[in-house]
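A.B. asks: Submitted below is the structure of interest, expressed as structure tokens.
The values are calculated or read from the model by the stated rules, or taken from the named source; none is laboratory data. Everything quoted here is computed from the prediction, not taken from an experiment. Because the Cβ atoms are built from the backbone with ideal geometry, glycine has one as well, and the counts that use them run over all protein chains shown.
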Ligand SMILES: Cc1cc2nc3c(=O)[nH]c(=O)nc-3n(C[C@H](O)[C@H](O)[C@H](O)COP(=O)(O)OP(=O)(O)OC[C@H]3O[C@@H](n4cnc5c(N)ncnc54)[C@H](O)[C@@H]3O)c2cc1C
């Protein structure tokens, strides 16, 4: 297999996993597991131009994210590293197409964020979200400091993670990406941290 | 907890970083002697002064350079490696393998 | 009797004033046959054996602080010989054997306590390496075997057999494992050496090494210059710095190593217990305190500060191993700076400078080797530079020919 295609994995994964794992039983905060939704990453000096030529908007600075449409989030993790993350499970075709066309692009290297990372979406009261994160993460995510579109690449509940604040249809949410091997642990840790806010 | 300023991510707990060794020039593997290679790999001044060293911010997978004092642990400066390295460095790995072919 | 108390209180001199262990300080002489830099366990042990076995007594130990105030005072006193390589095991085995006789030899109690040391395996790979270590140790006459979880439970009933969700699968049970009063070892050697005429100069810092035509000739100190026939450096964490005075670059990096101790509790733990997967080793002292430590600091530094990071991670691991420790109070935390080699074996023997001998690279594991180091360094010096066979594998130039003696796996968090 010279190129691993997302589409082949998708159906096999979704047959095994629930696409709608949500925890809201104990807390005002809702945590949703989006791990099986599609995402892809690109890096290299040609990555920015490549994404632009595919009609995607590009965050101006490293550690910023943008919400494109219908829950498609573009994260700029460094000067030349980008992730495109589907938080609504609606953009599989676009992501697959991006992935395939990147084969021809020059100075663009695909990043393996699909199978390496778990992805959680946290919604609910903004202040409570900040309070919940302050229990597990040392970066200040409070309103005035961590604006919509900010990214923190840091440690959450002692695992390396990427955190960004975004919105869809006016609803603000926090996106949390972390090593896939830690997802079960992290899910429980976030659930536990959120359970205080009933 | 000690805080280090990551050029990409800003001030973070030192526990988010991994130490990567002193920045030093690698001898040419094709021409250097075993002793020179050993000196590069094992030996070190290991003294008390400000040294220039590689650090890695683990959550973002980002390598950068720091200047730190080896006794006070004070970090004077951190910066992107592009300030020291502005072009790709090739290690000529393939030709080295050829040189090691059995005779 | 209160009256006898009163009598002593009113007297000008105290009962044991004339019975002190160490002679009072003297002026430095102009010349010594042997100068030893560093008054830690290794330095004083070398002086002791030079005087006792070889009759060489015109010896000065120059110590910049006080006797045994370096890593000798800071270590957690794990004594064991269950290493991995033949070179290592043979060497440490002889040291453990020597330890057993030290109290007698000194006529001074070093509180040697042979409790056994237990290392835990949480993976198959570790069990395989334990098998090898047990074989090598047995081959050299040590007592080491692989034991199963049931035997571990019997040895250490308070141990959590599933710490941090990493079940204990087996243990390396090293019956020769022991501990001793670390300070007493330095005191015993110093007492024995000075009684035989060796001079111990505390608060005497070597600031430079005098070399003429590639030969060591003397040292400069904060108290003046002395000439000498030869020099031994045994300065642990400062190895690279002192060696640089002699123009020698070493394959050493200096890292802090931290440890801590809890309030005393009633005896519950006989063996020394360690787990490298958890980066933690735990033992109970004769006074009932629990001493525990782990791996080195994550980056090089010449500083004996303690950190919150390490306190946090070490406490987490210790509590995983012995959950009841969560109720204990921490009494002290400290650190030493350790001279680490990349293969976790020492650097002993000759140096590029004639008459300048090295005892370095002792990192986090050199207390247990104090007797054998003293003995073999003394032999090296007394023979005028003939390297004893037992330390030959630890020559510094092993790195130049890529012939390391790899003890990393057998050292890690057990020291
Ligand atoms: C926290 C900790 C735990 C440890 N646990 C263990 C263990 O369980 N088991 C084990 O076997 N080992 C252990 N070790 C390692 C062990 O302590 C050392 O390897 C050993 O003590 C080294 O002895 P030494 O005599 O060479 O050094 P030291 O006792 O450090 O003596 C060196 C002396 O040199 C002096 N000096 C330095 N520079 C100069 C100078 N310029 N002039 C004059 N004097 C100078 C210093 O003041 C010092 O007193 C541990 C170490 C630490 C820090």
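A.B. asks: Filter segment B:3-33 down to the residues that are within 7 Å of another protein chain (Cβ to nearest Cβ) and either assigned to a loop (DSSP other than H, G, I, E, B) or closer than 17 Å to residue C:399 by Cβ (or both) and list them by number.
C.D. replies: B:8, B:9
A.B. asks: Among the candidates C:229, C:192, C:214, C:177, single out the residue that is more than 14 Å from chain B (Cβ to nearest Cβ), in contact (Cβ under 8 Å) with a residue 60 or more places away in the chain and within 11 Å of the ligand (Cβ to nearest atom).
C.D. replies: C:177
A.B. asks: Something else: What tally of residues in segment B:61-74 results from selecting those that are buried (at least 18 other Cβ atoms within 10 Å of the Cβ) and within 14 Å of chain A (Cβ to nearest Cβ)?
C.D. replies: Number of matching residues: 2.
A.B. asks: Determine, yes or no, whether residue C:258 is touching a strand residue (DSSP E or B) at 6+ places or on another chain (Cβ under 6 Å) and not assigned by TED's automatic domain parsing to the domain that holds residue C:46.
C.D. replies: Considered against the rule, which asks whether it is touching a strand residue (DSSP E or B) at 6+ places or on another chain (Cβ under 6 Å) and not assigned by TED's automatic domain parsing to the domain that holds residue C:46, residue C:258 comes out as yes.
A.B. asks: Select the helices (runs of 4 or more DSSP H) contained entirely in segment C:17-133, then report the ones holding at least 1 residues which are under 23 Å from residue C:259 (Cα atoms) and more than 10 Å from the ligand (Cβ to nearest atom).
C.D. replies: C:86-100
A.B. asks: Name the residue, out of C:170, C:164, C:184, that is away from the ligand (no atom under 15 Å from the Cβ), out of contact with any strand residue (DSSP E or B) (no Cβ under 8 Å at 6 or more places or on another chain) and away from chain B (no Cβ under 14 Å).
C.D. replies: Criteria check complete, one pass: C:164.
A.B. asks: Cβ contacts < 7 Å: first residue within 14 Å of chain A (Cβ to nearest Cβ), restricted to segment B:36-60; second residue in a helix (DSSP H, G or I), any location; separation 6+ or different chain. Result?
C.D. replies: Cβ pairs passing all conditions: B:57/B:16; B:58/B:16; B:59/B:16.
A.B. asks: For segment B:15-43, name all the residues that are at pLDDT 95 or above, in contact with a helix residue (DSSP H, G or I) (Cβ under 8 Å, 6 or more places away or on another chain) and surrounded by 17 or more Cβ atoms within 10 Å (Cβ to Cβ).
C.D. replies: If the condition is that a residue be at pLDDT 95 or above, in contact with a helix residue (DSSP H, G or I) (Cβ under 8 Å, 6 or more places away or on another chain) and surrounded by 17 or more Cβ atoms within 10 Å (Cβ to Cβ), then B:16, B:17 are the ones that fit.
A.B. asks: Does segment C:359-366 contain at least one residue that is touching a residue at least 24 places away in the same chain (Cβ under 8 Å), assigned to a strand (DSSP E or B) and buried (at least 24 other Cβ atoms within 10 Å of the Cβ)?
C.D. replies: For segment C:359-366, residues touching a residue at least 24 places away in the same chain (Cβ under 8 Å), assigned to a strand (DSSP E or B) and buried (at least 24 other Cβ atoms within 10 Å of the Cβ): present.
A.B. asks: Right, something else. If you check residue C:154 against the conditions, is it more than 22 Å from the chain's Cα centre (by Cα) and loosely packed, with under 13 Cβ neighbours inside 10 Å?
C.D. replies: For residue C:154, the condition - more than 22 Å from the chain's Cα centre (by Cα) and loosely packed, with under 13 Cβ neighbours inside 10 Å - is met.
A.B. asks: Answer yes or no as to whether residue C:83 is closer than 23 Å to residue C:362 by Cβ and out of contact with any strand residue (DSSP E or B) (no Cβ under 9 Å at 6 or more places or on another chain).
C.D. replies: When the stated conditions are applied, residue C:83 passes them.
A.B. asks: Quick check on residue C:207: is it under 27 Å from the mean Cα position of the chain (by Cα), near the ligand (Cβ under 9 Å from one of its atoms) and surrounded by 20 or more Cβ atoms within 10 Å (Cβ to Cβ)?
C.D. replies: Considered against the rule, which asks whether it is under 27 Å from the mean Cα position of the chain (by Cα), near the ligand (Cβ under 9 Å from one of its atoms) and surrounded by 20 or more Cβ atoms within 10 Å (Cβ to Cβ), residue C:207 comes out as no.
A.B. asks: Among the residues of segment C:312-348, which ones are part of a helix (DSSP H, G or I) and under 22 Å from the mean Cα position of the chain (by Cα)?
C.D. replies: C:314
A.B. asks: Which condition from (1) more than 11 Å from the ligand (Cβ to nearest atom); (2) within 19 Å of residue B:44 (Cα to Cα) is the one that residue C:340 breaks?
C.D. replies: It fails just one condition, (1).
Here is a yes/no grid of residues against (1) more than 14 Å from chain B (Cβ to nearest Cβ); (2) buried (at least 19 other Cβ atoms within 10 Å of the Cβ); (3) farther than 15 Å from residue A:166 by Cα:
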residue: A:37; (1), (2), (3): yes, yes, yes
residue: A:51; (1), (2), (3): yes, yes, yes
residue: A:67; (1), (2), (3): yes, yes, no
residue: A:72; (1), (2), (3): yes, yes, no
residue: A:75; (1), (2), (3): no, yes, no
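A.B. asks: Name the residues in segment C:210-238 that are surrounded by 17 or more Cβ atoms within 10 Å (Cβ to Cβ) and in a loop (DSSP other than H, G, I, E, B), would you?
C.D. replies: Within segment C:210-238, C:234, C:235 meet the criteria.
A.B. asks: What is the residue count in segment C:382-405 for residues that are out of contact with any strand residue (DSSP E or B) (no Cβ under 6 Å at 6 or more places or on another chain) and either more than 14 Å from chain B (Cβ to nearest Cβ) or surrounded by fewer than 16 Cβ atoms within 10 Å (Cβ to Cβ) (or both)?
C.D. replies: Selection size over segment C:382-405: 14.
A.B. asks: Specify which of the listed residues (C:44, C:89) is in contact (Cβ under 8 Å) with a residue 60 or more places away in the chain and closer than 24 Å to residue C:346 by Cα.
C.D. replies: Residue meeting the stated conditions: C:44.
A.B. asks: If you go through segment B:77-98 one residue at a time, do you hit one that is within 14 Å of chain C (Cβ to nearest Cβ), over 30 Å from residue A:113 (Cβ atoms), in a strand (DSSP E or B) and at pLDDT 95 or above?
C.D. replies: Taking every residue of segment B:77-98 in turn, none turns out to be within 14 Å of chain C (Cβ to nearest Cβ), over 30 Å from residue A:113 (Cβ atoms), in a strand (DSSP E or B) and at pLDDT 95 or above.
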